[in-house]
Amino acid sequence: MHLIQQACRVGRVDAFIQSTDKNFMVPVGGSIIAGPDERFITEISKMYPGRASASPSIDLFITLLTLGRSGYKKLLAERKEMFQYLSSELSRVAEEKGERLLKTPHNPISMAMSLSAGAAGHVGKDLTQLGAMLFTRCVSGTRVVAPGSDKDISGHTFRNFGAHYDNYPCAYLTAAAAVGMTKTDVDVFIKRLGKVLGKSKNRTDNTEDSSATVGELQEKDSEEPQANTFDSSDEG
């Protein structure tokens, strides 16, 4: 929050959006829009059609009443501890898989791990299938950003859509220490991530082994006719 306040003072920030599920432990589906200019936020609120579900507002209201100020501050302190633990564990599994934890010193919530084609077992856009593999294993919130995906929106082209930088040099997988995360959650995530990367790596190794076997057979086939020709000429 301090970084947002600083950005509002020294630069331009029209508005920022907070997901209620990541910040307040409520079901997915709600968000809070805030900003330094009250009039601007008021204009945004006027765009609300008034026909959406009230569930996100009710969920947030009940949660805040239940936690209270002290309870919510306790969760924020625990989140900082979990960020350090998640960072160390993700760095460990990245090193085991030949990857690295990307340095993002000004982001105290999210982090990212590099993804090479060899570790993921995919190439190019298919790297995003890694995120789908995690989702089917009940790991939500992670996102795989793969270079080479451009998207046109209202006449503007977004290079490497989904990434924070147009020319980021590698694909990466994101993870965040959300409010309410526990050590058990981190351990389960790291275990499932390791298994998914292991399955993908095995797929890559099998592909390489198959390619090598085909190459050996082709080389052997090319040698056998020469040997047969040599034998035939001797017999003649």
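Collect the residues in the range 27-42 that are open to solvent by 100 Å² or more (accessible area, probe 1.4 Å) and assigned to a helix (DSSP H, G or I), keeping them in residue-number order.
The answer is 38, 39.
Would you be able to tell me the number of residues in the range 88-112 that are touching a Leu at 6+ places or on another chain (Cβ under 7 Å) and part of a helix (DSSP H, G or I)?
The qualifying residues number 4.
Go through (1) crowded, with 16+ Cβ neighbours inside 10 Å; (2) among the basic types (Lys, Arg); (3) at pLDDT 85 or above one by one and return the number of the condition residue 191 breaks.
Of everything listed in (1) crowded, with 16+ Cβ neighbours inside 10 Å; (2) among the basic types (Lys, Arg); (3) at pLDDT 85 or above, residue 191 misses just condition (1).
Just checking, which of 99, 95 is touching a strand residue (DSSP E or B) at 6+ places or on another chain (Cβ under 7 Å) and modelled with pLDDT under 95?
Among 99, 95, only 99 is touching a strand residue (DSSP E or B) at 6+ places or on another chain (Cβ under 7 Å) and modelled with pLDDT under 95.
Can you tell me which residue in the range 150-183 is least open to solvent (accessible area, probe 1.4 Å), limited to those that are among the small types (Gly, Ala, Ser) and over 27 Å from residue 100 (Cβ atoms)? Please lay out each step first, then the result.
Restricting attention to the range 150-183, the residues satisfying the condition of being among the small types (Gly, Ala, Ser) are 154-155, 162-163, 171, 175-178, 180.
When the remaining residues are screened for being over 27 Å from residue 100 (Cβ atoms), the result is 154-155, 180.
On the way: 154: 124, 155: 83, 180: 30 Å².
Applying the filter and picking the extreme gives 180.
Could we say that residue 46 is of a type outside the set (S, T, N, Q), in contact (Cβ under 8 Å) with a residue 60 or more places away in the chain and out of contact with any helix residue (DSSP H, G or I) (no Cβ under 9 Å at 6 or more places or on another chain) here?
no
Here are 113, 25, 82: which of them is touching a Gly at 6+ places or on another chain (Cβ under 6 Å) and in contact (Cβ under 8 Å) with a residue 60 or more places away in the chain?
Residue meeting the stated conditions: 25.
The values are calculated or read from the model by the stated rules, or taken from the named source; none is laboratory data. For clarity, every value in this text was computed on a predicted model and none was experimentally measured. Every residue, glycine as well, gets a Cβ built from its backbone with ideal geometry; the counts of neighbours run over all protein chains shown. Remember, those area values only see protein heavy atoms, side chains included, never the ligands or the DNA or RNA. Shrake-Rupley method; radii C 1.70, N 1.55, O 1.52, S 1.80 Å.
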